[in-house]
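Where a number appears in this text, it was derived from the coordinates with a stated rule and is not lab data. All figures in this text were calculated on a predicted structure; none of them were measured in a lab. Cβ atoms come from the backbone with ideal geometry, glycine included; neighbour counts cover every protein chain shown.
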Amino acid sequence: MLNAVTTDFIGRLRSNDQAAWFELWETFGPVVRTQLMRWGKGRIGVETVRDLSQETLAALSDSIDRYDPSRGARFSTWLLAIAKHVLGDEIDRRMAQKRGSGKKAVALDERWATVPTSIGADAEYEAAVFRAKIEAALRAVEHEAEFVDFSIYRMRVLDGMSGRDVAAQLGVSEPTVSRRLAKIRDMVRLRARGMIQQFSFTDDELGEAARNGIDLNPTKADDDLFDEAIAEIYHRQAELRRKDEQAALDG
Amino acid sequence: MTTLTTPLLVILAILLLIPAAVVITIYAFKGMAFLVKQVGAFVFGMIGDTLRLIGVLVTVPILSLLVVANIVIGRWSAAGHFGRGVADEVRTFGTALYRLVIGHPARLLCLTPLTEGLERRLPEIMAAAPGPDKPSRRMGTFEGYTITGSLPGGGSGGKLYIATPDERKRGAFLRQGLGEVQQVVIKAFHLHEGSSLPQIVRESRSLDSARKMGLVLEHELSEERFYYVMRYAPGESLTRVTQQMHAMTGGQGLSKRDLRKALGYARDLLDTLAAYHAGGLWHKDVKPDNIIVGHDDDGERARLVDFGLITHLRSAMTLTTHGTEYFRDPEMVRMALRGVKVNEVDGQRFDVYAAGAVLYSMIENGFPAHGGLSRISQPCPEAIRWIIRRAMADYEKRYGSALEMLADLDFVLRAPDMFAVTTAQLPSMGAGASVASALEADTIDGHREHAFAGTPLPKTHPPLPATPQAPRLRLLNWWTGAFQVGGHDEAPLPGVAVRVGTPSPAAMRASDVAISGGKGAPRTAREQVSSARRRARERQRRAHERRRSLTGNRSSGARLGIGLAIVLVVLPAIAAGLLTVRYASFKHGPRIGGTYLTPSVPIAPVAPAPPSVHDLAEHEATTLARLKDVDGKLLVVRDATGLSPEQRTLLESRLAALRDAGVEVLDAHNSATEDLPKITELLAQVRRSIGVAEARSPASGERISHWLEQNGEIDVVYWIAPDERDATRANPVIVASGDRGQTILNALRQMR
């Protein structure tokens, strides 16, 4: 069922809160772009994908009032359905232009004219959406935490430096590094839970945290596993962003 | 034995052959499927393109007839429309023909890499090619300049021409103190040459700022055309230079020599940015494409170009989202979406973010797609990673100025072994002492803060800026926007930059040349700006005298008459309006729901409860009597713009009551003209103190309180935020400091 955090966020979107829309775009923009690239591979260019991912959110904005939480759709599926709709519209528009308006696109490769028949969410997409939520949590913690504290966390967990190296870099003792690390870890834990709640519509989505090793007990042994899980998610998401950026460079 | 071995071998051979046969069959089927797909794509592609060619051959004659017919009957617009249709069809014909002859056969034979050059790289190169070397007839000529070449245009729709000024122009530049100008770049916009009016307005708006610093030599605006002239900085873009440096190592990151070069470019960039900021401007579009690496007398150096978005730090315009993705601070976008004004934020911090992103792009040969969280995977000194991350950190946590970042960078550059420099040694870390002691102090006193939303100010950061980094500008004339840079002596740029990070003499010389173009002894940016202003004023005075001599006194008399008429009509109207508001305030009394905050009291929304008129009168009588002896100052910050008329009246009545009681209410909406600059400055400071946070958050309360303590002049901040549930209602946040503030706060509580 829909929780209070999600309802509040949807409420902000419905009241056309620009900051909420930007948050949504910043968090899920790359995932939507990557998905559109996968679907439209060879059919649409990168610039079009960027336009379409923006149009996806615009369409989301139009459909937000019609969203019915009682249907039990996943947040990720909802986002994907709209992206699919936008892509379908674009391909229809191009076909229509090609048929009659005389304003045909001047692509040398015409393979995009083949409309894909089966478009659906797959495990890769679902994982990317989940990673985007954790990334949003990291971003929120970066925003809230002191710069030095978050830097310690970044160096230790995300960059994989040893506690001794981090301490040497900053000129502090190792226990200080451990203490600050624990503080940020707690924040990440809390924020990750919050983000997952905010961007999840179903119990299954809420359960993704446990499946990905994020919902562990805050014990000494589990802390290491939690850090590992976060680092892996961060690196995978960084890779997704890198591919997204590379696609932009390749044009 | 042999009889037993032979069947075993046969069985073994069969067992081995079966999987091999299966694998071979699978691959054979895959190969066949691939062949079928290739042949199918080829056949369908050929059929489709042949039909397309036939279609074009049918369509073109029809369209051509329509073109001719429309020309005959004089319908030029329609003729142009059909003409464009013919051009499109011809283009389609060409591409279809290409696919029939080369594209499809090449794909069938798996020779796609051969055609990549034609299909991908060629269109890219053509798209990036400079325009024609001569301006079109429509664009016209540029008086005093001979066009010698062109440059690829940017995203603003402007055309870029390289030109040589004639003797008269060069003499004029010399007289204006702009130095010897050999070659210039003219950026021209034409409404009928791909530019739109908003683009022209945006670019022209920034020009006066850029001219004041000698970045723009001259500009001209006519009905359809607008152009401005800048110095020409020959060289390669930093994007290309970065790609070349990375190509040398085959994608293994920068070599030590190139790393040092890249950091040198970053130092040049920061040096230039510091000069801009000292002159009261921020660039707003810092990115590798806008940085040109070239040679001059001081050797190789990076120069910042394109002043299309350059903005006053104290501009009263609303922030816009213009800029380039990845190099534009996402928080700036958020602020722009919230309608924050430029003078309410510290614009130089956005340039600092972009400088960090540029440094990242040089190290990584890519965009910082993850913003501040972007991963640095290429080999680079840990201290440089820290500098990049600090520059791209949250708005309030990043370097406060370009000079501060420059000091850190300079420190690393001066080290014999950059990789041996630790973060703790950087000047911004107080050579390690402050951070280490602050972090270790927690161990000693056992203090552990649980920092979430609403965390008090971080201990390891310098205090939140009460505009110390921004140059203090004294507004000379509110209406014309004339201002004067000052206050650096009283409020030096903060911290390390002054102590450690003074730019090297070479860098300073380079900066001087970049800004003034003059030669001789290096001058500080402030001296240059003062000198430029003096010259500008002198030019304005001369131009004014020339205009007067040309137009005579009649027009000025007419202007005077118009001005008098406006004064006669507007002043009584304002007076009548004020009287009406005052009357309404006494009639209705205040009924605004709100939240009261003291530094020690956490914010908790209080449901609005309109008191009765009788209660209000009683409370106000007591309150006003108590306030008579208070010499307090209250600053009004208005965020709620969509208030209902009734709410506005109630709000004004409360402020009027405070004024009557002797409290000095500093309100930009209801103040004398001479007070406005000061109030604007205070508003900018207090808004900057909370950054992007909501005014109603506990963290903001703490920060405003901190600002009040630092400021010392204001006792109470009365922040009128809109109610979250009902935008037509106000929901003020009130933060008080000191005894006087507490008295006013108590009085306000009772008034409610």
Q) What list of ³J(HN,Hα) couplings, whole Hz, do you get for region B:266-271 from phi and the Karplus terms 6.51, -1.76, 1.60, once you set θ to phi - 60° and write x for glycine and proline? A) 5, 5, 4, 4, 5, 4
Q. HN-Hα J couplings of region B:705-711 from phi, Karplus 6.51/-1.76/1.60, θ = phi - 60°, integer Hz, Gly and Pro as x?
A. 4, 4, 5, 4, 5, 5, 5
Q.
5 Å is the cut-off here: which amide hydrogens, built 1.01 Å from N in the peptide plane, fall below it relative to residue B:666, excluding neighbours closer than 5 in sequence?
A. B:634, B:635, B:636
Q | Amide H within-cut-off set for residue A:202, under 5 Å, with H built and near neighbours excluded | A | A:75
Q.
Please compare each pair in A:243/B:187; A:243/B:159; A:133/A:183 to a cut-off of 31 Å on the Cα-Cα distance and tell me which ones are over it.
A. A:243/B:187; A:243/B:159
Q) So how do A:203, A:215 line up by other beta-carbon neighbours within 10 Å, fewest first? A) A:203, A:215
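Mind checking the full-extension length gain between residue B:134 and residue B:91? Use 0.36 nm per residue of separation minus the Cα-Cα distance, one decimal, nm.
Numbers: separation 43, 0.36 × 43 = 15.48 nm, distance 2.54 nm.
In short, 12.9 nm is gained.
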Q. Roughly how many nanometres apart are two label points built 7 Å out from the Cα toward the Cβ at residue B:22 and residue B:221?
A. 7.8 nm
Q. What is the set of long-range amide H partners of residue B:341 at a cut-off below 5 Å, with H atoms built 1.01 Å from backbone N?
A. B:319
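Just in region B:1-91: which trypsin sites (Lys or Arg not before Pro) are loop by DSSP and have at most 14 other Cβ atoms within 10 Å? It would help to have the intermediate numbers written out before the result.
Details: sites: B:30, B:37, B:52, B:75, B:84, B:91; in loops: B:75.
Within region B:1-91, the qualifying trypsin sites (Lys or Arg not before Pro) (loop, at most 14 other Cβ atoms within 10 Å) are B:75.
Taking 0.36 nm per intervening residue step and subtracting the Cα-Cα distance, what contour gain separates residue B:671 from residue B:114 on full extension?
Numbers: separation 557, 0.36 × 557 = 200.52 nm, distance 7.22 nm.
Working it through step by step, the gained length comes to 193.3 nm.
Filter the trypsin sites (Lys or Arg not before Pro) in region B:298-352 to those in DSSP coil with at most 12 other Cβ atoms within 10 Å of their Cβ, and list the result.
Details: sites: B:301, B:303, B:314, B:328, B:334, B:338, B:341, B:349; in loops: B:314, B:328, B:338.
The qualifying sites: there are none.
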**Q.** Segment residue B:9-residue B:535, extension gain: residue separation times 0.36 nm, minus the distance between their alpha carbons
**A.** 179.2 nm
**Q.** Modelled FRET efficiency - R0 56 Å, residue B:62 with residue A:122, Cβ distances, 0.05 increments
**A.** 0.75
